[in-house]
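> Below is one structure. I have some questions about it.
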Amino acid sequence: MSKPQRASRGFNRLWLVMGMAAFLTGCYRDEWRGFVYPSRNDLLVHREIGTYSSLEECRSAANAVIQNAGWKNADYECGLNCELSSSGSGLNICEKTER
């Protein structure tokens, strides 16, 4: 194989890798998951209220659920990119949580 052919092949591979990276990065979106605790004193009792594309949407939805339910001692948290624990405990593991 000649030197120009090898260079062209390397260039094509580079574009392929860059294209795949751009595609995969564009497909992955952060996702916020909302959790509401009817009693801030018992965090084992919670309601999962949905997934949202932004922290602000999650906060707004959590506050609306609390207000509509009339809970006076409630709390909430929003978790970023949560996944169920592989331990089978039913716990969600999130990259971070915010209030």
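The values are calculated or read from the model by the stated rules, or taken from the named source; none is laboratory data. Since this is a predicted model, take the numbers as computed values, not measurements. Note that each Cβ is placed from the backbone with ideal geometry, even for glycine, and that neighbours are counted across all protein chains shown.
> Of the residues that sit in segment 44-99 and are surrounded by 14 or more Cβ atoms within 10 Å (Cβ to Cβ) and of a type in the set (Val, Ile, Thr), which one is farthest from the chain's Cα centre (by Cα)?
The residue in question is ILE66.
> Could I ask something else about it? Which residue pairs have Cβ atoms closer than 8 Å, lie 6 or more positions apart in sequence or on different chains, and pair a first residue in segment 40-57 that is over 19 Å from LEU91 (Cβ atoms) with a second residue that is of a type in the set (D, E, K, R)?
TYR52/GLU31; TYR52/ARG33; SER53/ARG29; SER53/ASP30; SER53/GLU31; LEU55/GLU98
> Which of the residues that make up segment 51-75 are of a type in the set (Asp, Glu) and either modelled with pLDDT under 95 or outside any strand (DSSP E or B) (or both)?
Selection gives GLU56, GLU57.
> Return the pairs, sorted by first residue and then second, in which the second residue is modelled with pLDDT of 95 or more and assigned to a loop (DSSP other than H, G, I, E, B), the first residue lies in segment 75-90 and is more than 20 Å from VAL65 (Cβ to Cβ) and not assigned by TED's automatic domain parsing to the domain that holds TYR37, the beta carbons are less than 6 Å apart, and the residues are 6+ apart or on different chains.
Short answer, once both residue conditions are applied: none.
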